[in-house]
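Comments concern the structure below.
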Amino acid sequence: MRPGHPALDPLVRRLFVGVACSALGSGLTMPFLYVYLAEVRGISTTTVGLLFAWMGLLGFAGSPVGGSLIDRFGPRPVIITGLSAEAVGVASIAFVHDAWHAWVVASFITLGTVGLYPATTAMLTRLVPEDHRQKVYGFQFMLMNAGLGVGGLVSSLLVHLGDPSSFQRLYLLDAASYLAYIAVVLSLPRGTGALARRAPTSDEGPRPGWGTVLRDRTLLRVVLTSVVVVTFGYAQFETGFAAYSVGVAGIPANTLGWAFGANTTAIVLAQLFALRLIEGRSRSRMLALCAAVWCVSWAVIASSDAVSGGLAVLLVVVGLGMFGLGETLWAPVAPAVVNDLAAEELRGRYNALQGMTWTVSMIIGPALAGLLIGNGLVHVWVACTVGGTALASVLFLGLRRHLTPLQDGRRPGQVELAA
């Protein structure tokens, strides 16, 4: 098998069709949620930042339940439930007019989808042999970003800041993409990705649960370091990045689609190369490299405020494209570390806890961006994003000594590559 070209199980291929459909739909709307709520519906910047933080708080509260449901019922029903909530919620965003409307819809989406990401990861993990998982995670991410990139480019041509109906059409199309994904998941056999039932034995101890997960200190180190890098990386995408680019650097709102297009293009073009790069190398060092790339990308984006016109747009587009290069390292490596730490019967909970990285970050990151940028503390926000990702790079380097060579991705006969 050539690196970066894993032979996919037919069920994985089918699942990826659904992933591509939803990614295309999400690409239509992802660059514009902040702009839609703040600029089109007139909701204040601070309120929008707090709304994103509220979504993170709800996700944090609900994630443990999602992880437990995955381990109890399997990932398939959890995925179907999450996609259904996503479809209804995204369609409802099209009809938001006031702040309280946005809070209700955001709450519904967040609570309905708490198990969606960890369930998808758990299903993929159980459908793929251990030594091919990292490649499949990367391939999934590349496919998702291809859809996001196409959707972002299309949306940049269709959306008009003075025409609310242009945004409404995008959200309805996004909702339809989730319906297509639901149809794909419903076509999978019942029990796909579920844990095989084991015959009970008389000497079985207590059923493992969240206590076992929370006593895994290595997992907690991975999660806490991930919170730092996601807070000052991914969590700034929809709030901080858009607020800074449009409100501070002064670039036109419709060029955000081109920036996200550059991001996803970089991912699609670089992902297979990245899979070859990380093969046999220390995962902790690859995560440190990822955080370092993100640090540089935020510095490039921040510099757009020092110039104007086309050069400002260019810096924003290039900066987000650089961020995509770091993502090609993060996407295959981060879930591989967590799933190599996980016991099979706790896979849902382990992925849910790692998923809480995103929910915690979405509490801190958007609120921080909204409060800082909304109150004119732009340079403080820049220092947080650049400095926070730099700190995460150092923390990931220290993670290596807490991982076994196999957990760190250094396979027998390949350990020398990690040096």
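Take the residues in the stretch 32-83 that are assigned to a helix (DSSP H, G or I) and of a type in the set (S, T, N, Q), then tell me which one is modelled with the highest pLDDT.
Ranking the candidates gives Thr81 first.
Can you name the residue in the stretch 107-126 that is among the hydrophobic types (A, V, I, L, M, F, W, C), in a helix (DSSP H, G or I) and open to solvent by 10 Å² or more (accessible area, probe 1.4 Å) and, of all such residues, is nearest to Val338 (Cα to Cα)?
Leu116
Just to verify a result, which residue in the stretch 261-282, among those that are open to solvent by 10 Å² or more (accessible area, probe 1.4 Å) and touching a helix residue (DSSP H, G or I) at 6+ places or on another chain (Cβ under 6 Å), is nearest to Val318 (Cα to Cα)?
Per the stated criteria, the residue is Ala262.
Only one of these conditions is not met by Leu269: (1) over 20 Å from the mean Cα position of the chain (by Cα); (2) without any contact (Cβ under 8 Å) to a residue 24 or more places away in the chain. Which number is it?
(1)
Of the residues in the stretch 362-400, how many are over 22 Å from Ser284 (Cβ atoms) and among the aromatic types (Phe, Trp, Tyr)?
1
Can you tell me which condition Leu353 does not meet? The list is (1) touching a Gly at 6+ places or on another chain (Cβ under 6 Å); (2) buried (at least 24 other Cβ atoms within 10 Å of the Cβ); (3) within 30 Å of Pro208 (Cα to Cα), and all the others hold.
Here Leu353 meets the rest and fails (1).
List, please: which pairs have Cβ atoms under 7 Å, are six or more places apart or on different chains, and start with a residue in the stretch 96-114 that is farther than 23 Å from Trp358 by Cα and end with one that is part of a helix (DSSP H, G or I)?
Val96/Ala102; Val96/Val105; Ala99/Thr47
Would the stretch 23-41 turn up any residue that is among the β-branched types (Val, Ile, Thr), farther than 30 Å from Leu372 by Cβ and surrounded by fewer than 23 Cβ atoms within 10 Å (Cβ to Cβ)?
Checked the stretch 23-41: no residue is among the β-branched types (Val, Ile, Thr), farther than 30 Å from Leu372 by Cβ and surrounded by fewer than 23 Cβ atoms within 10 Å (Cβ to Cβ).
Looking at the stretch 87-94, can you tell me whether even one residue there is out of contact with any helix residue (DSSP H, G or I) (no Cβ under 9 Å at 6 or more places or on another chain) and not in a helix (DSSP H, G or I)?
no
Would you check if there is a residue in the stretch 149-167 being buried (at least 21 other Cβ atoms within 10 Å of the Cβ), aliphatic (A, V, I, L, M) and over 30 Å from Leu341 (Cα atoms)?
yes
Being of a type in the set (Ser, Thr, Tyr) and farther than 14 Å from Thr389 by Cα is the filter here; which residues of the stretch 297-331 pass it?
Across the stretch 297-331, the qualifying residues are Ser303, Ser304, Ser308, Thr328.
Name the single residue, out of those in the stretch 299-342 being among the hydroxyl-bearing types (Ser, Thr, Tyr) and over 18 Å from Ser393 (Cα atoms), that is most open to solvent (accessible area, probe 1.4 Å).
Filtering first and then ranking leaves Ser308.
Counting only residues that are within 13 Å of the chain's Cα centre (by Cα) and of a type in the set (Gly, Ala, Ser), how many does the stretch 224-254 have?
Count: 3.
Kindly establish whether Ala194 is in contact (Cβ under 8 Å) with a residue 60 or more places away in the chain and either among the charged types (D, E, K, R) or in a loop (DSSP other than H, G, I, E, B) (or both).
Here the answer is yes, as Ala194 does meet what is asked.
The values are calculated or read from the model by the stated rules, or taken from the named source; none is laboratory data. This structure is a prediction, so every number in the text was calculated from the model and none was measured. Neighbour counts are summed over all protein chains in view; Cβ atoms, including those assigned to glycine, are modelled from backbone coordinates with ideal geometry. What goes into the accessible areas is simple: the full protein's heavy atoms, side chains included, and nothing from ligands, DNA or RNA. Shrake-Rupley method; radii C 1.70, N 1.55, O 1.52, S 1.80 Å.
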